[in-house]
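First comes the structure, then the notes that go with it.
The values are calculated or read from the model by the stated rules, or taken from the named source; none is laboratory data. Keep in mind the model is a prediction, meaning the values are calculated, not measured. With ideal geometry, Cβ positions are generated from the backbone for all residues, glycine too; neighbour counts draw on all protein chains shown. When the accessible area is computed, the model is the full protein with side chains, heavy atoms only, and any ligands, DNA or RNA have been set aside. Shrake-Rupley method; radii C 1.70, N 1.55, O 1.52, S 1.80 Å.
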Amino acid sequence: HGVEAVSWLSFSDIWKALRASDLLVSGGGSLLQNVTSRRSLYYYMAIIVLAFLARRPVMLYAQGIGPIEGRADREREYLMRLVGNRVRLITVRDHGSLAELEAMGIHRPKIVETADPVLAINPVAKDMGWQVLQWNGVTDDKPLVGISVREWKGWQRYKEAFAEAADRIAVELGANLVFLPMQYPEDVKTAETIAAMMKQEAIVLDGEFSTAELLSLVGNMDLLIAIRLHALIFAGVMGVPLVGVSYDPKIDRFLDSIGETPAAKLETITADELMAEVRRKWQKRDTLCEKNAALLEDLRRRAFQNAELAVGILRKGASSLEKKN
């Protein structure tokens with residue numbers, strides 16, 4: 001992307017970058033939580049504290065806040081409150097994050113509910129993705145159902161449910177099945193594990209794709225089933241019917257923003273639950289795409305608002321500097 005970068009582990013380089021900056025943008029994504037990593041919350045708060053020490057304004061940019069869990073949750077919430085109430089501006093990508101901030105007592109900076117920055121991305125042409133699919137042996141004689149999975153806590157049951165449902169989709173819908181890796185190579189390994197459990201043939205794309213390529217690949221699907229949040233967002237951007245499976249509140253929150261609900265929770269999912277939602281979406285796929293498109297247009301506008309608010313902070317900073325001079 002042509003962006004200058006420093007190592008996330010080099011705090012001396014991070015300090016130099018902060019000293020040379022006019023604003024720290026913390027986000028987007030679910031950085032301030034401790035579910036995917038116990039250390040993640042402390043790491044990203046440490047970067048914010050460094051910005052405070054460097055006397056630089058901080059914006060929490062389209063954050064997904066929480067959940068924050070564990071025995072020391074009161075201590076973590078206190079630290080979040082201490083940091084959160086001292087930043088210049090907070091934008092959150094969903095209503096659930098707004099509620100999390102309220103529950104933690106974070107209210108001093110301006111807080112705006114916007115949307116995930118990825119929703120500001122433009123749709124792309126499908127030919128790039130179709131070429132990749134052809135290279136991997138996909139033909140155009142059947143509908144295409146994409147599946148985006150991820151590893152989670154070493155659980156096995158959801159993989160068995162996905163494998164059984166995928167077999168039934170191949171037979172019942174007469175579809176070709178394609179596993180799409182949103183995060184390489186981790187998602188490939190999980191997809192291969194599920195594909196090995198299946199009786200029907202499925203194609204696992206084993207490659208690291210750019211954002212544009214992933215969007216194009218998703219755009220070629222007639223239906224997308226996904227655990228990954230950004231796979232669901234890409235389906236929305238590309239106008240593809242989607243079925244979401246929840247492992248984290250961010251999935252529920254995004255689906256709620258477009259009037260959808262998860263097919264099931266990852267921990268308890270069954271093939272029957274997944275198939276029930278697949279059948280419903282398959283039968284109504286044309287009308288669902290139209291409904292989602294209208295809702296996503298509003299989310300797209302709100303996603304752009306994140307950048308507009310960040311620019312506003314920079315302009316105020318430049319104006320203050322001119323007055324001093």
Test: Gly259 is touching a Cys at 6+ places or on another chain (Cβ under 6 Å) and open to solvent by 40 Å² or more (accessible area, probe 1.4 Å) = no
task = Confirm whether Gly244 is part of a helix (DSSP H, G or I) and either of a type in the set (Gly, Ala, Ser) or farther than 24 Å from Pro67 by Cβ (or both).
result = no
request  = May I ask you to list the residues in segment 253-279 that are at pLDDT 95 or above and part of a helix (DSSP H, G or I)?
outcome  = Ala271, Asp272, Glu273, Leu274, Met275, Ala276, Glu277, Val278, Arg279
ask   = On the given criteria, is Glu213 over 15 Å from the mean Cα position of the chain (by Cα) and assigned to a helix (DSSP H, G or I)?
value = yes
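Is it the case, given these coordinates, that Leu288 is under 18 Å from the mean Cα position of the chain (by Cα) and not polar (S, T, N, Q)?
Here the answer is no, as Leu288 does not meet what is asked.
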message = Residues that are in contact with a Leu (Cβ under 7 Å, 6 or more places away or on another chain), under 15 Å from Leu133 (Cα atoms) and open to solvent by 50 Å² or more (accessible area, probe 1.4 Å): does segment 213-220 have at least one?
response = no
query = Quick one: what pairs do we get from segment 191-209, first residue part of a loop (DSSP other than H, G, I, E, B), second of a type in the set (Ser, Thr, Tyr), C-beta under 9 Å, 6+ apart or different chains?
reply = Asp206/Tyr184; Gly207/Tyr184; Glu208/Tyr184; Phe209/Tyr184; Phe209/Ser216
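Give the residues of segment 295-312 that are in contact with a Phe, Trp or Tyr (Cβ under 7 Å, 6 or more places away or on another chain) and either closer than 14 Å to Asp94 by Cα or outside any helix (DSSP H, G or I) (or both), sorted by residue number.
Asn306
Evaluate the following for Leu60: is it free of Cβ contacts under 8 Å to residues at least 60 places away in the same chain and part of a strand (DSSP E or B)?
For Leu60, the condition - free of Cβ contacts under 8 Å to residues at least 60 places away in the same chain and part of a strand (DSSP E or B) - is met.
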Filter result (small (Gly, Ala, Ser) and either modelled with pLDDT under 95 or over 23 Å from Tyr247 (Cα atoms) (or both)) within segment 117-153 = Ala120, Ala125, Gly129, Gly137
request  = Assess whether Leu31 counts as being in a loop (DSSP other than H, G, I, E, B) and either within 29 Å of Ser246 (Cα to Cα) or without any contact (Cβ under 8 Å) to a residue 12 or more places away in the chain (or both).
outcome  = yes
inquiry  = Yes or no: segment 54-61 includes at least one residue that is more than 22 Å from Gly312 (Cβ to Cβ), out of contact with any Lys or Arg (no Cβ under 8 Å at 6 or more places or on another chain) and open to solvent by less than 10 Å² (accessible area, probe 1.4 Å).
reply    = no
message = Of everything in segment 1-28, what is touching a Leu at 6+ places or on another chain (Cβ under 7 Å), open to solvent by less than 40 Å² (accessible area, probe 1.4 Å) and assigned to a loop (DSSP other than H, G, I, E, B)? Give them in sequence order.
response = Leu23
